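Engineer: Structure below; questions to follow.
The values are calculated or read from the model by the stated rules, or taken from the named source; none is laboratory data. Every value quoted in this text rests on a predicted model; they were computed, and no experiment measured them. So basically every Cβ, Gly included, is an ideal-geometry build from the backbone, and we count neighbours across all protein chains shown.
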Amino acid sequence: MRLWIGLTVANLFVVSACSTDGSDRAGDTSGWSTPDSGGGGFGGNNDNKEDVGLVLSAPAPGTVYDVSEPVSLIANLTGAQDPKIYSIRWSSDKIGHIGSKAFDGSGFAAMDVNFLPAGTHVLTAVALRGDQPSAQQAAVIIVNGPPSAPVVAIVPNSPGTNDNLVAEIVTGSTDPNPSDSVTYGYSWFVDGVAKPELTGPTVLATHTSVGQTWEVRILPFDGRLYGPLGSATTVIVNAKPTIQTVQVQPSSGTATTTFTCTALNVSDPDDDPITLSYIWKNGEIQVGTGDTLAPPNFKKGDQLVCVVTPSDPFSTGTEVASPPVPVQNTAPEVESVTLTPEFGDKSTLFQCTPGPATDIDNDPVSFDYTWIVNGEELPGTTSNTLSAQALSKGDTLLCRVTPKDGGNSGTPKDSPQAMVVNSGPQVGSVVIVPAKATVETTLSCIAANMTDPDNDPLSFTYTWTVNGTTVEGAVTDTLAGAFVRGDLIGCEIVVNDGQAQSAPKKAKDYVTIQNALPVANGITLTPPIASLADTLFCQVESTSDADGDSVTLSYLWEGNGQLIPGQAQPTLKASVVPSNTTVVCIVTPHDGLQPGISQKSPSAEVKNQKPIIDSVVIQPPNAFTTSELTCVVSGVTDGDGEPVSLSYAWTLNGTALANQTDAKLSGDWFAKGDSVSCVVTPSDPYETGSAKASPAVVIQNSTPSVSSATIDPPGGKKSLPFQCLAQGFFDADQDGPSHAYAWQVNGVLVEGASNKTFDATGLNNGDQLVCILTPGDGEGFGTPVQSAAVTIVNNAPKVVSANITPKQPLSSEDLLCTPDGWSDPDGDLPQYQYTWLVDGAALPEQNEAVLDAAATTKGTDVVCKVTPFDGSATGAPVVSPPVTILNTPPEAPKVAFDPPIPQEDAALSCVIIEPAFDIDNDPLTYSYTWTVDGATVPNLKDPVIAVPKGSACAEWACSVIAFDGEAFSPAAGATGVVPGGGMLAPAGKAWATASTVNPPAGNDGWTLEAWARRDTDKGGTIVARAGVGQSAVLLGVANNGAPVLTVRSETGTLVGEAKSVTPLPLGTWVHIAGQRSAAGTLTLYVEGMQVGVGNANPSLSNPSGAAWIGAGPSTGQPTDIWPGMVDEVRLSSIARYPTNFTPKGPFDADSYTPALWHFDEKAGVNAYDYSGNQAHATLV
């Protein structure tokens, strides 16, 4: 339904609905509306046609009645000359016909009914004249019915005195009025006697006793009526005694432990005397009773549990078991420990022996051993024996034995203490060194393999004998000068450690003093360097013999380590050995008994002098690949005057050149950049001297050459690129070309022109262009060459055709001239010169490719002439085919209704508010077409028509087309809907308010939305919520027609706004929604599309004032009245639309809908709320 809010002649705003399919239009007797001021009345068969009205005095809309309570139905008929000929018929939308009553002479009719069933009723009253309806009103009332009896139970099912009683509603009461909330009252009875102090669903156990019968009665209430009781009963039974926990002490033990069982927190709700029984178990086997358990009822490994059962005189409670208590292992014991021997030295092995051991669990016993030295545990000693080797003299030790049975260790037992005492020193052997001696020898007496286990400092006593006789005063370890050749020498040693001394030890062998060898002293050999012609002399400075014997000398000679035969004299001629021989002489002294030690003289060298070279150089020093190199030697000498020969070798980059042994080297062997050196070696008849290398010569770059330079192309237009080309390039090093360039124009060098290519842009026809090329190879440059001159020329461009588009242009269209087929021999870019001709005459100042439409006239012929241009010269022009300028249809006019809203039985003008525009200035005529609800009305061709009666809710439209004699304009039109019932004044407007709308709960945001149609170019309010001293929100359009959502604080300050910049269209139904999220974001939607965003403080209170529809909040006359129609208004307590959406209608109500108005009422002053929250609106 679409809603129109109109003003009656009695200043009463009423609602009349017009459906979108036309089924509810006025004049259709299947629906009802309020009569208009013209007096037409209702129905088509009322011959007397009175303007009667119907006013309902009772029931008041929204009144709530209880079931069977009388409902007074009271109505007054107005405007009837004789009310008694009218009757009133009452009906309900739930049960249909209620009853009828005739009006009395004053137009009053009343009746009471008490049979309306529970629920919401829409009561309809119809005033009838005969069987024809004349007026109608409706009212909504609620008939309240009582809730049903609940189904009740008491839990637990068999309660004891320790249980709380809880009344549970198994099945709740149902209420015939779904919106009613049912509450419950509780009454408790004990053995039939009421307990008025107990009014809740729970009775504590402290109120109950064994054997009592308890009953609960629950009475449902819906706020107005009580329903039937629901009840349940139960009997209190004996409460068994209980034990909270059972504890065994100690929490673990051994086979020797006595365990005690204790029950904790033992209680009986009935305070009956309690007895406890005890059972001890190991697994499932009972091992004892009573509160204690002593050995030998258990053994190692058992898990003991004590089970206690409570009993009172009436029943036995639940047994409670203790946590398992483990019987653990009993450690073994050892009686004593012995340690032997009591005293020992470092060579002693001490023995630890445990005495008898016992284990109550009969486990096999083993032992751990720990040795304690000087009171400290000795790590790593776990054997029953300990060697004293690592101990020290004076250390004390004991043995600690710990018995073990595989599970536990017993108490350790210590042995008596033992001690480590001193160990005496020992001498293994004595020797005299050296074993061979002469009168010059100093003998030493040495003790070998001495030991002292305690590492004590040792002292020594020595005794020497000569031929068995002790040498007096010889008490040190050495002996010298006390003997002669042939004597027998002995010695003896005693060692002392400060506490004990060793036995005397004699040297195993005696030493016999032997002959002392003669010595030759100071042997020399001269000269140290000798030539082959020299004589070498071997000389002895002196001789000696310790025994006083006379000394003679013998001689031998060696050359290079080999004995020279036949040479036994103190002199040697050098010529007997070859050159470069190392010579020594060997001298041996003799004393008549033995030869002494032979000694060699310092060496002497017999040498030849090698030839030498002073210097070697390569000529020429600056060489190229075309050069021949010569190795030049200077300063060749030989110290012996022997002839010298020379040999040559050449190296290239450090590598020897094979087979190049001449003094000269040709260029075939090297290249640019190579490093060349020659090496010369001198030789004499005996030896080769040292080689001498020349300084290296690096082969240098050879500069290139060209035979000539040319310019390509040899002639052309100035825009062509020219290249300078080298001819006949040659490089001895075979390097690639890398030339330098210069350019001259008319004999003048062009500054900065150093590339191979030359851009001739800017040159003139006839200019002379020359290039200068300097050949280069990347390292150097040769001799420059100059090209022949090139003359600059230009060729004119060409174009094939030209065409104008569009080919059939209207007088309103610009023309485009497009040339085709450009060509230029010089490759210049295309340029064009344009000339436009209209009917053969050139248009001045029209030289662009586009000709503005303003330069043409309908009916004229237009051509374009195109001349190609390359920047220097023009080619031959081409002319396009002509085009004829055609008529341009006129534009659509602008049209509006007068009055803006069509009215029944009144004139309606389709006014041209802005004439159609014709660019050709042709005279225009207009034609009119009228439609009603989309159907063309035949024969209506005038700009002014009469809207007939019975057109309520009809949508009228006019369409206007302009004609210039050749073509029609687009259609322009205006649309308007005739207000329903014909009650709207020409400028009629209306507004409605609902003051009982619940505010949104919580802070989940809110949404205002509606379907609205804007019929005039004005602003106004669609829907708003506000009240005095409350925050306010408003959804509407601004004066520019664009939608806006505003939020104001309780003081009226603007705190948030979301708005669009696009006006709503006129005469079109649109969905518009405004919302605020919980975070405070404002969003505005039109037709489901977001058109505006803003922010409002999320802590601002939710709007809680009245709802206003079709006008702004006001306490007097309406303000900001909506300039059109409104339908389907919904208020929500959430932000419904997180993103763009597709609108739907009509709206549905849900748990987030405080109010929803469909505006589907046929008549009356009420717009009913379909949310179920009774927020009915009144049209004021």
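Engineer: Given (1) among the aromatic types (Phe, Trp, Tyr); (2) part of a loop (DSSP other than H, G, I, E, B); (3) without any contact (Cβ under 8 Å) to a residue 60 or more places away in the chain, where does TYR686 come up short, assuming only one miss?
Structural biologist: (3) is the only condition that TYR686 fails.
Engineer: Hey, another quick one. Just checking, how many residues over the range 395-415 are in contact with a Gly (Cβ under 9 Å, 6 or more places away or on another chain) and of a type in the set (S, T, N, Q)?
Structural biologist: Within the range 395-415, residues that are in contact with a Gly (Cβ under 9 Å, 6 or more places away or on another chain) and of a type in the set (S, T, N, Q) number 2.
Engineer: Can you confirm whether ASP591 is over 60 Å from the mean Cα position of the chain (by Cα), loosely packed, with under 13 Cβ neighbours inside 10 Å and of a type in the set (Asp, Glu)?
Structural biologist: So ASP591 does not fit the description; no.
Engineer: Looking only at strands (runs of 3 or more DSSP E) that fall completely inside the range 137-202, which ones have 3 or more residues that are exposed (fewer than 15 other Cβ atoms within 10 Å of the Cβ) and under 59 Å from the mean Cα position of the chain (by Cα)? Give the derivation first.
Structural biologist: Details: elements: 151-155, 165-171, 183-190.
Ranges flagged: 165-171.
Engineer: Would you point out which residue out of LEU479, LEU443, LEU488 is in contact (Cβ under 8 Å) with a residue 12 or more places away in the chain and loosely packed, with under 15 Cβ neighbours inside 10 Å? Steps first, answer last, please.
Structural biologist: Details: LEU479 fails: loosely packed, with under 15 Cβ neighbours inside 10 Å; LEU443 fails: loosely packed, with under 15 Cβ neighbours inside 10 Å.
Result of the check over LEU479, LEU443, LEU488: LEU488.
Engineer: Could I ask something else about it? Considering VAL122, VAL155, VAL151, VAL126, which residue is touching a Gly at 6+ places or on another chain (Cβ under 7 Å) and among the hydrophobic types (A, V, I, L, M, F, W, C)?
Structural biologist: VAL151
Engineer: Any idea how many residues of the range 675-719 are charged (D, E, K, R) and modelled with pLDDT of 90 or more?
Structural biologist: 1
Engineer: Being crowded, with 16+ Cβ neighbours inside 10 Å, over 23 Å from VAL799 (Cα atoms) and of a type in the set (Asp, Glu), is that true of even one residue in the range 851-873?
Structural biologist: no
Engineer: Filter the range 1079-1106 for residues that are in contact with a Pro (Cβ under 9 Å, 6 or more places away or on another chain), modelled with pLDDT under 85 and of a type outside the set (Ser, Thr, Tyr) and give the result.
Structural biologist: Matches in the range 1079-1106: ASN1102, PRO1103, GLY1105, ALA1106.
Engineer: Taking the conditions exactly as written (among the β-branched types (Val, Ile, Thr), modelled with pLDDT of 85 or more and within 30 Å of MET450 (Cβ to Cβ)), does ILE493 satisfy them or not? If you could, list the steps in order and put the result at the bottom.
Structural biologist: Working: among the β-branched types (Val, Ile, Thr): yes; modelled with pLDDT of 85 or more: yes; within 30 Å of MET450 (Cβ to Cβ): yes.
When the stated conditions are applied, ILE493 passes them.
Engineer: Among residues belonging to the range 668-683 that are touching a residue at least 40 places away in the same chain (Cβ under 8 Å) and outside any loop (DSSP other than H, G, I, E, B), point out the one that is farthest from THR791 (Cα to Cα).
Structural biologist: SER683
Engineer: Something else: What number of residues within the range 870-906 are of a type in the set (Ser, Thr, Tyr) and under 30 Å from ASP918 (Cβ atoms)?
Structural biologist: 3
Engineer: Within the range 1033-1089, how many residues are more than 18 Å from LEU1131 (Cα to Cα) and in a loop (DSSP other than H, G, I, E, B)?
Structural biologist: 19
Engineer: Does PRO354 meet the test of being out of contact with any Leu (no Cβ under 9 Å at 6 or more places or on another chain), modelled with pLDDT of 90 or more, surrounded by 13 or more Cβ atoms within 10 Å (Cβ to Cβ) and at negative phi? Give the derivation first.
Structural biologist: Numbers: out of contact with any Leu (no Cβ under 9 Å at 6 or more places or on another chain): yes; modelled with pLDDT of 90 or more: yes; surrounded by 13 or more Cβ atoms within 10 Å (Cβ to Cβ): yes; at negative phi: yes.
In short, yes.
Engineer: Given the options SER579, SER615, SER575, name the one that is of a type in the set (S, T, N, Q), assigned by TED's automatic domain parsing to the domain that holds GLU687, under 30 Å from SER690 (Cα atoms) and in contact (Cβ under 8 Å) with a residue 24 or more places away in the chain. Reasoning before the result, please.
Structural biologist: Numbers: SER579 fails: assigned by TED's automatic domain parsing to the domain that holds GLU687; SER575 fails: assigned by TED's automatic domain parsing to the domain that holds GLU687.
From the options SER579, SER615, SER575, the qualifying one is SER615.
Engineer: Residue under question is LEU532, and the condition is that it be hydrophobic (A, V, I, L, M, F, W, C) and under 30 Å from LYS607 (Cα atoms); does it hold?
Structural biologist: Criteria met by LEU532.
Engineer: Moving on to the next point. May I ask you to verify whether LEU349 is modelled with pLDDT of 90 or more and assigned by TED's automatic domain parsing to the domain that holds LEU398?
Structural biologist: Details: modelled with pLDDT of 90 or more: yes; assigned by TED's automatic domain parsing to the domain that holds LEU398: yes.
It is true that LEU349 is modelled with pLDDT of 90 or more and assigned by TED's automatic domain parsing to the domain that holds LEU398.
Engineer: Counting residues that are β-branched (Val, Ile, Thr) and in contact (Cβ under 8 Å) with a residue 24 or more places away in the chain, which strands (runs of 3 or more DSSP E) fully inside the range 884-975 reach at least 2? Even if it seems obvious, please write down each step before you answer.
Structural biologist: Details: elements: 894-898, 906-914, 925-932, 944-947, 955-963.
Of the strands (runs of 3 or more DSSP E) lying wholly inside the range 884-975, those with at least 2 residues that are β-branched (Val, Ile, Thr) and in contact (Cβ under 8 Å) with a residue 24 or more places away in the chain span 906-914, 925-932, 944-947, 955-963.
Engineer: Among the numbered conditions (1) within 17 Å of PRO250 (Cβ to Cβ); (2) not in a loop (DSSP other than H, G, I, E, B), tell me where ILE279 comes up short.
Structural biologist: The single condition ILE279 does not satisfy is (1).
Engineer: Looking only at the range 128-151, count how many residues are at negative phi and in contact with a helix residue (DSSP H, G or I) (Cβ under 9 Å, 6 or more places away or on another chain).
Structural biologist: Number satisfying all stated conditions: 1.
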